[in-house]
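The values are calculated or read from the model by the stated rules, or taken from the named source; none is laboratory data. The structure displayed is predicted, hence computed values, not measured ones. Note that each Cβ is placed from the backbone with ideal geometry, even for glycine, and that neighbours are counted across all protein chains shown. For the accessible areas, the whole protein counts, side chains as well, though only heavy atoms, and no ligand, DNA or RNA atoms are used. Shrake-Rupley method; radii C 1.70, N 1.55, O 1.52, S 1.80 Å.
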Amino acid sequence: MNFDFSDEQVMLRDSVARFIQDDYDFDTRRRIVASDAGMSKENWDTFAELGWLSVPFAEEFGGFGGGAVDLMVMMEEFGRGLVVEPYLATVVLFGGLLRHGGSEAQQSDFIPRIIEGSCLGAFAYLERQSRFELADVKTTATRNGDDYLLHGEKVVVFNGANADTLIVSARTAGEQTDDHGITLFLVPANAPGVELVDYRLMDGQRVANVVLRDVTVGASDVVGAVDEGLSLMQAVIHEACVALGAEALGIMGQLNAKTLEYTRTREQFGVPIGSFQALQHRMVDTFMSYEQAKSLLYRAVCALEKDDEDPARNIHALKVMIDKAGKHIYGEAIQLHGGMGITDELDIGHYAKRLMMINATFGNGDYHQGCFNALSYGRDAA
């Protein structure tokens with residue numbers, strides 16, 4: 001199988017890499033994270049000008065028409081630069097739900113605005129009790145004539161603080177954990193009855209808890225089919241898991257490179273510590289962890305791009321490996337840098353914190369190991 005990137009994909013990767021090298025150094029990122037918005041609107045406009053926001057969308061809406069590989073090469077570079085702008089939240093999640101399940105009117109309205117950078121979106125799906133279970137939904141959507149009344153709370157909404165529009169999962173039928181009966185709704189962030197509490201996660205991301213108090217939305221605001229939102233959520237989150245895997249791979253590559261460079265310059269007993277055989281063995285082990293994660297990422301991307309293959313098993317395996325390899329690589333990077341490896345003054349600790357958050361997003365390694373076992377060996381194995 002040919003794993004070489006096309007000329008267009010190489011150009012896309014190089015454009016992101018040049019931007020990070022020239023305009024997104026560690027100090028710049030720290031200033032962005034410390035700002036009230038936690039992102040740079042100027043950078044977001046640059047993403048739009050460079051065409052990055054158009055990558056996964058169809059050409060009929062002004063998009064690039066790219067696939068999982070195009071998204072992978074971008075997200076890997078975003079990981080190398082620790083980019084905090086809400087590409088995952090707006091383009092992959094919010095845009096992905098519209099791309100897969102939006103009506104023609106919804107797609108024509110929102111997708112061009114996402115591409116031009118004027119629409120920031122968020123996907124509000126997580127609740128306090130749900131942990132990693134997408135079907136555990138207590139937020140309700142009750143019929144009120146031709147409209148719906150949304151009532152409930154969503155937590156840890158990525159980009160919730162800056163989004164102008166949310167896609168919210170709510171229960172329109174069934175019991176709290178039933179697969180059937182979940183519906184997705186478009187909700188303006190400034191709609192009456194919407195309350196936001198924003199805060200910063202340990203990796204610098206700005207997120208929000210969203211309280212919905214009898215928020216009125218119309219039938220035209222339903223994304224996908226009524227009561228059938230779970231399958232749409234799962235399809236988009238599969239894509240998001242692969243995107244996060246690519247971001248994690250970029251981070252792991254940077255940690256390995258920075259740690260190798262440090263061991264070449266840090267001296268002990270009059271020689272670089274990289275000359276010590278014990279440390280060389282440990283760095284070889286982290287390189288192998290990186291390569292194993294890369295192989296599974298490529299396998300998951302191939303599964304996503306094949307219409308005749310269910311990507312679930314490969315994505316569960318990828319998440320397990322990202323969890324395992326990430327912990328190994330950031331643990332060794334911190335230890336080989338000594339006590340300063342986890343300080344805010346050094347970027348090593350920031351890469352480590354971002355990997356920790358990636359591992360906890362959409363399910364940690366233990367959760368996905370159980371899902372993989374259930375698919376491979378039967379439900380009782382989970």
Give the stretch 29-52 a look and list any residue that's open to solvent by 80 Å² or more (accessible area, probe 1.4 Å) and under 19 Å from THR90 (Cβ atoms), or say none.
ASP36, LYS41, GLU42, GLU49, LEU50
Criterion: under 28 Å from VAL236 (Cα atoms), open to solvent by 50 Å² or more (accessible area, probe 1.4 Å) and assigned to a helix (DSSP H, G or I) - qualifying residue of LEU375, LEU296
LEU375
Picked from the stretch 299-329 (must be open to solvent by 20 Å² or more (accessible area, probe 1.4 Å) and in contact with a Gly (Cβ under 9 Å, 6 or more places away or on another chain)), the residue farthest from LEU255 (Cα to Cα) is GLU305
Counting just the residues of the stretch 175-224 that are outside any loop (DSSP other than H, G, I, E, B) and among the small types (Gly, Ala, Ser), which one comes out least open to solvent (accessible area, probe 1.4 Å)?
ALA208
Which listed residue is among the small types (Gly, Ala, Ser) and more than 21 Å from the chain's Cα centre (by Cα), from SER118, SER130, SER108
SER108
Given the conditions (1) of a type in the set (Phe, Trp, Tyr); (2) open to solvent by 20 Å² or more (accessible area, probe 1.4 Å); (3) within 30 Å of ALA105 (Cα to Cα), report the number of the one that PHE26 does not fulfil.
(3)
VAL83: passes all of (1) among the β-branched types (Val, Ile, Thr); (2) in a helix (DSSP H, G or I); (3) under 30 Å from MET202 (Cα atoms) but (2)
Out of everything in the stretch 35-52 that is at pLDDT 95 or above and aliphatic (A, V, I, L, M), what residue ends up being farthest from the chain's Cα centre (by Cα)?
LEU50
Note down all Cβ pairs under 7 Å where the first residue falls in the stretch 28-41 and is within 14 Å of ALA163 (Cα to Cα), the second is part of a loop (DSSP other than H, G, I, E, B) and modelled with pLDDT of 95 or more, and they're at least six residues apart or on different chains.
ALA37/ASN162; GLY38/VAL84; MET39/VAL84; MET39/GLU85; MET39/PRO86; MET39/ASN162; SER40/GLU85
Is there a residue in the stretch 112-120 that is modelled with pLDDT of 95 or more, closer than 30 Å to SER35 by Cα, part of a loop (DSSP other than H, G, I, E, B) and open to solvent by less than 10 Å² (accessible area, probe 1.4 Å)?
yes
Could you give me the residue pairs with C-beta distances under 9 Å whose first residue belongs to the stretch 351-377 and is under 23 Å from MET340 (Cα atoms) and of a type in the set (A, V, I, L, M, F, W, C), whose second residue is open to solvent by 40 Å² or more (accessible area, probe 1.4 Å) and part of a helix (DSSP H, G or I) wherever it lies, and which are 6+ apart or on separate chains?
ALA352/ILE342; LEU355/LYS327; MET356/LYS327
Could you list all residues from the stretch 330-366 that are over 24 Å from VAL33 (Cα atoms), surrounded by 19 or more Cβ atoms within 10 Å (Cβ to Cβ) and under 17 Å from the mean Cα position of the chain (by Cα)?
GLY363, GLY365
Pull up the stretch 53-77, narrow it to residues that are surrounded by fewer than 23 Cβ atoms within 10 Å (Cβ to Cβ) and of a type in the set (Phe, Trp, Tyr), then point me to the one that is farthest from the chain's Cα centre (by Cα).
PHE61
Reported set for the stretch 225-239 where residues are open to solvent by 20 Å² or more (accessible area, probe 1.4 Å) and touching a Ser or Thr at 6+ places or on another chain (Cβ under 6 Å) is VAL226, ASP227
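Sort out which residues of the stretch 241-280 are open to solvent by 30 Å² or more (accessible area, probe 1.4 Å), over 30 Å from PHE132 (Cβ atoms) and under 31 Å from the mean Cα position of the chain (by Cα), and write them in order of number.
Within the stretch 241-280, ALA257, LYS258, LEU260, GLU261, TYR262 meet the criteria.
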Taking the stretch 283-293 and keeping only residues that are surrounded by fewer than 16 Cβ atoms within 10 Å (Cβ to Cβ) and closer than 15 Å to GLY331 by Cα, one is left with VAL284, ASP285, PHE287, MET288
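For every residue, the table says whether it meets (1) under 21 Å from the mean Cα position of the chain (by Cα); (2) more than 15 Å from LEU97 (Cα to Cα).
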position	(1), (2)
VAL168	yes, no
ASP178	no, yes
GLN205	yes, yes
VAL217	no, yes
